[in-house]
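> My questions all concern the structure below.
The values are calculated or read from the model by the stated rules, or taken from the named source; none is laboratory data. In this text, all values refer to a predicted model and were calculated from it rather than measured experimentally. All Cβ positions, glycine included, derive from the backbone under ideal geometry; neighbour counts span all protein chains shown. The protein model used for the area step is the full one, side chains on, heavy atoms only, and it has no ligands, DNA or RNA in it. Shrake-Rupley method; radii C 1.70, N 1.55, O 1.52, S 1.80 Å.
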Amino acid sequence: MHIWPDELAAKEASDKKKRNLDTFLEELKQEHEQEAKRLSRRAEAPPENTTNLHINNLPSDVDEQVLCTVFGKFGAIGSVKILWPRGDEPARPHNTGFVCFMERAAAEAALQSLSNAELHGQPLRISWGKPVPLPSKPLY
């Protein structure tokens, strides 16, 4: 059987397209697996020693003092931090912050009581944050 040059070129082009598609699909599959791993790590149980809470969906008018007042009802607070927009970034409708308690029991109580509670009209989304060093004296 004789294959003409035109047929050979067309077959090679078709094979190359298939290989490009296979490569693309493999990359997409790997990205999906990596994202699934990242999300599963987020859903894992928090380290038992963390007292740090991650607070999402903070109204933009909430500052550190408001967080101290709201979360301080549950126990002594070691640190409070709000991630404000950088200097040239536009204001966001909501921010993210962290409240670190001096004791785990206080953090657990705040997490249970304030998850999905409204603050200035927005529901708070609270989860465990990474452990951070605690100061020798409480902030609030």
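> Within region 60-78, count every residue that is under 23 Å from the mean Cα position of the chain (by Cα) and among the polar types (S, T, N, Q).
So the count comes out to 1.
> What about Ser40, is it hydroxyl-bearing (Ser, Thr, Tyr) and either assigned to a strand (DSSP E or B) or modelled with pLDDT of 95 or more (or both)?
Spelling it out, it is not the case that Ser40 is hydroxyl-bearing (Ser, Thr, Tyr) and either assigned to a strand (DSSP E or B) or modelled with pLDDT of 95 or more (or both).
> Assess whether Ala106 counts as being modelled with pLDDT of 95 or more and open to solvent by less than 100 Å² (accessible area, probe 1.4 Å).
yes
> Additional query: Which count do you get for residues in region 85-110 that are more than 19 Å from Glu64 (Cβ to Cβ) and in contact (Cβ under 8 Å) with a residue 40 or more places away in the chain?
2
> When region 114-137 is examined, which residues are found to be closer than 20 Å to Lys73 by Cβ, open to solvent by 70 Å² or more (accessible area, probe 1.4 Å) and over 18 Å from the mean Cα position of the chain (by Cα)?
Scanning region 114-137 gives Glu118, His120, Leu134, Lys137.
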